[in-house]
1. Considering only residues that are assigned to a helix (DSSP H, G or I), charged (D, E, K, R) and at pLDDT below 75, which ones fall in segment 183-216?
2. Working carefully through the options GLU85, GLU35, GLU23, find the one that is within 22 Å of ALA6 (Cβ to Cβ) and more than 18 Å from the chain's Cα centre (by Cα).
3. For segment 39-56, how many residues are among the small types (Gly, Ala, Ser) and over 16 Å from the mean Cα position of the chain (by Cα)?
4. Being aliphatic (A, V, I, L, M) and either assigned to a loop (DSSP other than H, G, I, E, B) or within 23 Å of LEU120 (Cβ to Cβ) (or both) is the filter here, so list the residues in segment 26-41 that pass it.
5. Could you give every pair whose Cβ atoms fall below 6 Å, whose first residue belongs to segment 206-233 and is assigned by TED's automatic domain parsing to the domain that holds GLU23, and whose second residue is part of a loop (DSSP other than H, G, I, E, B) and loosely packed, with under 15 Cβ neighbours inside 10 Å, counting only separations of at least 6 or pairs across chains?
6. Could you say whether any residue in segment 9-32 is without any contact (Cβ under 8 Å) to a residue 12 or more places away in the chain and closer than 15 Å to LEU70 by Cβ?
7. For segment 224-254, which positions are surrounded by 10 or more Cβ atoms within 10 Å (Cβ to Cβ) and either part of a loop (DSSP other than H, G, I, E, B) or modelled with pLDDT under 75 (or both)?
Amino acid sequence: MVKLTADLIWKSPHFFNAIKERELDLRGNKIPVIENLGATEDQFDTIDLSDNEIVKLENFPHLNRLGTLLINNNRITRINPNLGEFLPKLHSLVLTNNRLVNLVEIDPLASIPKLQYLSLLDNNITKKPNYRLYVIHKLKSLRVLDFIKVKAKERAEAAALFSSKEAEEEVKKVSQEEVQKVPDTTEQTETPKVVAPTAEQILAIKAAIINSQTIEEIARLEQALKFGQVPAGLIIPDPTNSEKPASGVNDGSGPMEE
């Protein structure tokens, strides 16, 4: 494992990403603990901590500029209850493929006042009854959950289902019972890591954005590009096809030269 030092931060790639935001790339370093991010001097809109070994989402300094945090493919099981105090402008958070299990484990995210885009895909929490409605109920500012837009109907259903204190207490009770009953088997049940898009897929996404006919489709593709996801239904052109003549191109002109 690699310690997240100021030296590592200074030597890591930093650049303007596809949506023209200043990004710090700390992915794939086997970092176990978040620390020393004060060395960034709050100079980044996006920090990518994907593909590490981080267990707790905590220990952030005040980063008033940070808008996007990519921390997919880690081992997150716990979130700092006061996370929003240190990341007041965070609007996009990708927690895909971590180890969040119970609904109450996302409660600390309610402290983030401007959180609009959240991915919890490939966490066991997504298998819980009423998972989506509970997250929508807790995170009032959320606009997109797991790359699906939050609808007004869902907000109404979430409010109706969890409006009473008894309903929330029941969620906490069930979560506590599950923690006591189920042994820690995270090492044995680790889910496969989500593979980041290839260069060909990124080009295909950009091409799809250019050819999109609706604002909604453009927004969906831009979010996928931003979060390093491959959108459903993406068609990757076959490079071998470019070497083959189109039907009828050589008709009547004799054999092509070898």
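The values are calculated or read from the model by the stated rules, or taken from the named source; none is laboratory data. It should be emphasised that the depicted structure is a prediction, and the values quoted were computed from it without experimental measurement. Please note: Cβ atoms are built from the backbone with ideal geometry, for glycine as well, and neighbour counts cover all protein chains shown.
1. The initial filter retains those residues of segment 183-216 that are assigned to a helix (DSSP H, G or I), namely 199-211, 215-216.
Okay, now just the ones that are also charged (D, E, K, R), so 200, 206, 216.
Within segment 183-216, GLU200, GLU216 meet the criteria.
2. None of the other options fit; the residue is GLU35.
3. Just the residues of segment 39-56 that are among the small types (Gly, Ala, Ser), to begin with: 39, 50.
If we keep only those that are over 16 Å from the mean Cα position of the chain (by Cα) as well, we get 39.
Residues that pass the stated criteria total 1.
4. Start the filter on segment 26-41 by keeping residues that are aliphatic (A, V, I, L, M), which leaves 26, 31, 33-34, 37, 39.
If the condition is that a residue be aliphatic (A, V, I, L, M) and either assigned to a loop (DSSP other than H, G, I, E, B) or within 23 Å of LEU120 (Cβ to Cβ) (or both), then LEU26, ILE31, VAL33, ILE34, LEU37 are the ones that fit.
5. Cβ pairs passing all conditions: none.
6. Our first condition is that a residue be without any contact (Cβ under 8 Å) to a residue 12 or more places away in the chain; within segment 9-32, this holds for 11, 15-16, 20.
Retained after the next criterion (residues that are closer than 15 Å to LEU70 by Cβ): 15.
Among the residues of segment 9-32, at least one is without any contact (Cβ under 8 Å) to a residue 12 or more places away in the chain and closer than 15 Å to LEU70 by Cβ, which makes the answer yes.
7. If we filter segment 224-254 for residues that are surrounded by 10 or more Cβ atoms within 10 Å (Cβ to Cβ), which is where we start, we get 224-231, 234, 236-237, 250.
Passing the criteria: LEU225, LYS226, PHE227, GLY228, GLN229, VAL230, PRO231, LEU234, ILE236, PRO237, ASN250.
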